[in-house]
Amino acid sequence: MSLSARGLSKLYRSGELEVAALSDVDFDLFQGELVVLLGPSGSGKSTLLNILGGLDRPTSGSVTFQDQDLTLLDDKALTLYRRDHVGFVFQFYNLVASLTARENVELVTEIATHPMSADEALALVGLESRADHFPAELSGGEQQRVAIARAIAKRPNILMCDEPTGALDSKTGILVLEALAKSNRELGATTVVITHNAVIADMADRVVLIGDGRVQEVRKNATKKQPGELSW
Amino acid sequence: MVALHLSPLDKKVVRDLRAMWAQALAIAMVIAAGVAMFVMSEGMLKSLFETRAAYYERYGFADVFAPLKRAPNALVARLQDVPGVSTIETRIKERVRLDMPDLDEPAQGEILSYPVGAEPRLNRLYLSSGRWLAPGNNDEVLLSEAFAEAHTLTPGDNITAIINGRKRLLSIVGVVLSAEYIYAIQPGAMMPDNKRFGVFWMARPALEAAFNMKGAFNDVLVAITPGANLEDVKDGVDLVLETYGGVGAYERAHQVSHWYVSGEMNQLRNMAQIVPPIFLAIAAFLLNVVITRWVEMEREKIGLFKAFGYSTWAVTGHYLKVVMVITLVGIALGFGGGVWLGRGMAGIYQEFFRFPFLYFQFSTSVFAIAGGASLIVALAGTWRAVRRAALLSPAQAMVPPPPTRYQRSLFEGGLTHLEQPARMIVRHMVRWPMRSALTVLGSAVAVAVLIGSMFFMDAMEKLIDVTFNQAERQDATLSFMEAQEPRALENVKAMAGVMQAEPFRAVAAELSFRGANRRESLIGLVQDARLNRILNQNYEPVSVPKSGLVLSQKLSELLGAGVGDVVIAQVTQGRRPTLELPVVQVSKTLMGSPAFMDYAYLGNVMQEPGRLDGVYVKLDDNQQKNFYKAVKNTPGIAAVSIKRTTLKSFRETMAENVLVMTFFNVMFAVVIAVGVVYNAARISLSERSRELASLRVLGFTMGEVSFILLGELALLSVLAIPLGCGLGYGLAWVWTLSLDTDLYRIPLEVTKQTLGFSVLVVVLATLGSGLASFRQIGKLDMVQALKTRE
């Protein structure tokens, strides 16, 4: 078991109104698997990812990682958790515009404990030849692959991807998904991909369907598809 | 209640301002500082100018002044005939010594004759209390207000004066003000000392009797006809007075009080011209960066407004309204501050400058110029950014701007060993070179403003040190009424408390060289002098050469004569010989513009060997009171100037003003530094909030993220410090140039303490601004960073 959440609820209060983004969610992540969290927008999947990634705290419930309850950690400890164990890939890449591809990766390897080299990480996503380019000189797909290289370079226990193909066309999106599948396969990092695109679910080991702040269904894929076989 | 009906866009103006209030206030304060300085200095200048002009006009202040030895009253007719003369007034003007019960040391005074029962044609007095002189009573005097106040004397009180060597008890009947003594300063003093220098007016017959001047006068006042040539009038008057011991007519510009008031007005004018533009330029820069960033962030909204059908002009107007509100708040604060400063200033001026009336006038033109200039500068600073945003087509505006293009900077070679955050700092700085440079310049100006004003204290200390510790080391200077025989020196040496005594001569002469003329006393100093010494260019004491003339540097500049040149000295006293004197040395002097010669040599050329005009003395500290007593009882001494009291009163005056001055300078520097740094931090934060939040998500600590943001500010500030010190030196240098006058020079002296203090103030202001933005970093929304695109 890589990570285990029990009874997670998240309430947002806006004036008189209380909105439950998550209600009583149990969720497990197993070592090395690739999980797709599938659900429409507003279903609570991002809230779940934020809590699992140590960006947000639940209103109630617990998240256990390596015998530690993340919900009890203070900001400093959560920062360390993200720094040492979690890799993030964002919908809009969030690269540092003033740093080249290699430097963006080095940004993370400089502060990580057992990182791979930046060039190694870029080679994993097939961008070794673009290492010295600035974000503004890269296509969207390339930028996202740099972001993946940046996320995996620290050899994270868990890789969190929030709509990684959300801003890309399908052809580029598939290239990005291939990079994710490859890193999952070769590095063994537990990978969580959030998406509202049902097609992507076919590349997962497990698919968790989220709706109305609850886990609606957990499905195991008997056969995983390769990203190259997907299309939308 | 009256409901305020604002259009939706105007409501947005109000809310946007509320959201950016801290930045807006920081900018408004910079504008306010500039406006306040302008309103104060320009308003004060106008007030002084108009007050003085009215005062001169109403009380018939003379255009030309001509002192002389003695002339019969009949000469008035000839003076009246000089072409260009409209009015002549003659009088008797002499020095007196005063024995004040509340002072150990003797005080000095000037005593002037005043008509009884009639108004003089020129230099009429303003009676502030008491009455005019009555006929027949020879002991009545009118007393200058400043001296009266310093000793709490009122009409009806008596005062003891030594007039022409005779002790007299005078009865004060009136307290007066004179346009001639707006700034009353003892000849040779650095600062007015109201306790030790007073001016008296006495009935003419009484003064004639006291100084054996029956039917005669020794001072002429001249008013000229409109359009008359001043030089011609002076020459004409000099010609008439030549044989009566005239020492040269001079115009208002060289009248001491007028000169000082004009000097102050020049300083105000400089202040009004130099300082406010600096503040306004900084405000324009700040408005530019803040508004540019803001309209960038408003792109989508601008697209929306235009999609709704708002015109480009309506959108432009909307954003300019925000600029206008910030500027108007600054102007309003500046008006208030300027009036407040002006009133305070008028209070200070009332202490130094004695006017019958001095009001700080609120002239609409001053306000109009300050307000108008601020609005224009603010518009100029923001117009382009606002207009460019407003011109975007709705479709363009709704699309986010392309990502910022960075490239390797020229310094990239040096960056290879840097970690990525440091690299981000440098690339961000280099990406906006203009903004970075102006931020550096802004902070540097804050440092410079402090150095440029605080250095005055250092310069004053240097001036005091050079003048009183290196050159004029005597504790007191005694001046005789007339040149004395050598035994007068022995008499002084025998006085209580005198440890050392050196005689000096002072001979009035007109020096000329290749058409340049200058009236100056030739000061004869003894060989190997220990008390009053001349200094070489490195401020080191040197002995006076045994023959030839030593010119002070200022006099050398005024005459255009250097070492090796021969200066013609037309002596205007005694036998009035004409001397050809080779310049053998140029000495360093910060006070006055003297000329020195060897004591014996000067005595020989005057054919009065051994005679002395005064004595420099060094005193035993424990015997000072006895010495003063002895001086008070020695009739032949016309004047005594005492270093200790001069310095003390000077320092007291300085100390009073220095705190106020420091407070305002620090305020101004802080306003600039905070305005520049805080806005730089907020804009940087706004531009990079998503990037910094992403780094937080990636596991960067608050400290590491703050380093990127505050590191850039720190680096810019570090660059600003040496630049600011350089600019400060430059500013100080400009001040020394503008204050380089015949009476004194301000040395360019900036101590480490001043540099350190100036840097410290700005560093603290920078740290404060950094801390304020540090709190904003804590509010970065990590979750939002994952979702939004720039």
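The numbers here are math on the coordinates, done by the rules we state, and not lab data. All values reported here derive from a predicted model rather than from experimental measurement. A quick note on method: Cβ atoms are made from the backbone with ideal geometry, for glycine too, and the neighbour counts reach across all protein chains shown.
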**Prompt:** Using the Cα atoms as the points, what is the convex hull volume per residue of region B:1-135 in Å³?
**Reply:** 365
**Request:** Within the set of other residues whose C-beta is less than 15 Å from the C-beta of A:V193, count the net charge using Lys and Arg as +1 and Asp and Glu as -1.
**Result:** +2
**Message:** Tell me whether region A:3-229 comes out rounded, prolate or oblate; compute the Cα gyration tensor, take square roots of the eigenvalues as a ≥ b ≥ c, and use a/c under 1.5 as the rounded threshold.
**Reply:** prolate
**Complete:** Taking every residue of A:162-172, the Cβ atoms of other protein chains inside 10 Å of its Cβ average out to 1
**Asked** Across bins of 5 angstrom width beginning at 0, how are the C-alpha pair distances of region A:81-166 distributed, in whole percent?
**Response** 3, 18, 30, 27, 17, 5, 0
**Prompt:** What net charge is computed for the residues neighbouring B:E608, neighbours being all others with C-beta under 9 Å from the C-beta of B:E608, Lys and Arg scored +1, Asp and Glu -1?
**Reply:** +3
**Item:** 3J(HN,Hα) from dihedral phi, region B:172-184, Karplus parametrisation 6.51/-1.76/1.60, rounded to Hz, x for glycine, proline
**Value:** 7, 10, x, 10, 10, 10, 9, 5, 7, 10, 4, 10, 9
**Fill in**
For the A:A136, B:H417 Cβ pair and Förster radius 25 Å, calculated FRET efficiency rounded to 0.05 is 0.50
**Message:** Taking the Cα centre as origin and putting +1 on Lys and Arg beta-carbons and -1 on Asp and Glu beta-carbons, what dipole magnitude results for region A:3-229, to the nearest 20 debye?
**Reply:** 300
**Request:** Just check region B:498-619 against the gyration tensor rule for me: Cα atoms, a ≥ b ≥ c as the square roots of the eigenvalues, rounded for a/c under 1.5, and otherwise prolate or oblate depending on whether a/b exceeds b/c.
**Result:** oblate
**Complete:** If unit charges are put on Cβ atoms (+1 for Lys and Arg, -1 for Asp and Glu) and the dipole of the protein assembly as shown is taken about its Cα centre, the option from A:A20, A:S2, B:A595 lying farthest towards the positive end turns out to be A:A20
**Request:** Filter the cross-link list B:K167/B:K625; B:K618/B:K648; B:K69/B:K462 down to pairs whose alpha-carbon distance in this structure exceeds 26 Å.
**Result:** B:K69/B:K462
**Fill in**
The equivalent-ellipsoid semi-axes of region B:306-355, taken as the square roots of five times the Cα gyration tensor eigenvalues and listed largest first in whole Å, are 46, 7, 4
**Message:** I'd like the FRET efficiency for B:K546 and B:E149, computed as 1/(1 + (r/R0)^6) with the beta carbon distance as r and R0 of 41 Å, rounded to 0.05.
**Reply:** 0.25
**Asked** B:R775 versus B:D235, label points 7 Å from Cα toward the beta carbon: distance in nm?
**Response** 7.4
**Prompt:** With labels modelled as points extended 7 Å from the Cα through the Cβ direction, what inter-label distance (nm, one decimal) is found for B:T653 paired with B:A209?
**Reply:** 3.6
**Prompt:** In debye to the nearest 20, how big a dipole does region B:498-619 give about its Cα centre with +1 on each Lys and Arg Cβ and -1 on each Asp and Glu Cβ?
**Reply:** 160
**Prompt:** For region B:630-731, what size does the Cα cloud have along each of its three principal axes, sorted from largest down, in whole Å?
**Reply:** 92, 23, 19
**Request:** Run the dipole for chain B about the Cα centre, Lys and Arg Cβ at +1, Asp and Glu Cβ at -1, nothing else charged, and hand back the magnitude in debye, nearest 20.
**Result:** 2680
**Prompt:** At a Förster radius of 22 Å, what calculated FRET efficiency corresponds to the Cβ-Cβ distance of B:T701 and A:D67, to the nearest 0.05?
**Reply:** 0.40
**Fill in**
Rounded to whole angstrom, the alpha-carbon centroid of region B:663-710 lies from that of region B:200-230 at a distance of 71
**Message:** What lysines does A:K182 reach when the alpha-carbon gap must be under 29 Å and sequence neighbours fewer than 8 apart in one chain are set aside?
**Reply:** A:K45, A:K154, A:K171, A:K220, A:K224, A:K225, B:K787
**Prompt:** Length gain on complete extension for the stretch B:H5 to B:L760, per 0.36 nm per residue less the alpha carbon to alpha carbon distance?
**Reply:** 266.9 nm
**Asked** For chain A, modelled as a GNM with alpha-carbon contacts under 10 angstrom, which of A:N157, A:N104, A:N221 fluctuates the most?
**Response** A:N221
**Prompt:** How crowded by other chains is A:129-135, given as the mean number of beta carbons from other chains within 10 Å of each beta carbon?
**Reply:** 2
**Asked** Which one of B:S547, B:T653, B:A506 is farthest out on the positive end of the charge dipole of the protein assembly as shown, using unit charges on Cβ (Lys, Arg +1; Asp, Glu -1) and the Cα centre as origin?
**Response** B:T653
**Prompt:** When the chain is fully extended, how far beyond the present Cα-Cα distance does B:D621 get from B:Q570, taking 0.36 nm per residue of separation?
**Reply:** 14.3 nm
**Message:** Restricting to Cα atoms and excluding each atom paired with itself, what does the Kirkwood estimate give for the protein assembly as shown in Å?
**Reply:** 35.3
**Message:** If you split all Cα-Cα distances of chain B into 10 Å bins from zero, what percentages do you get per bin, shortest first?
**Reply:** 2, 11, 18, 19, 16, 11, 9, 8, 4, 1, 0
**Asked** What span do the alpha-carbon atoms of region B:62-259 cover on each of the three principal axes, reported in whole Å from largest to smallest?
**Response** 48, 36, 28
**Complete:** Expressed in angstrom and rounded, the centroid-to-centroid distance over alpha carbons for region A:178-221 and region B:286-315 is 42
**Request:** Let me know the shape class of region A:25-72, please: from the alpha-carbon gyration tensor, a ≥ b ≥ c as square roots of the eigenvalues, rounded when a/c is under 1.5, otherwise prolate if a/b is greater than b/c, or oblate.
**Result:** oblate
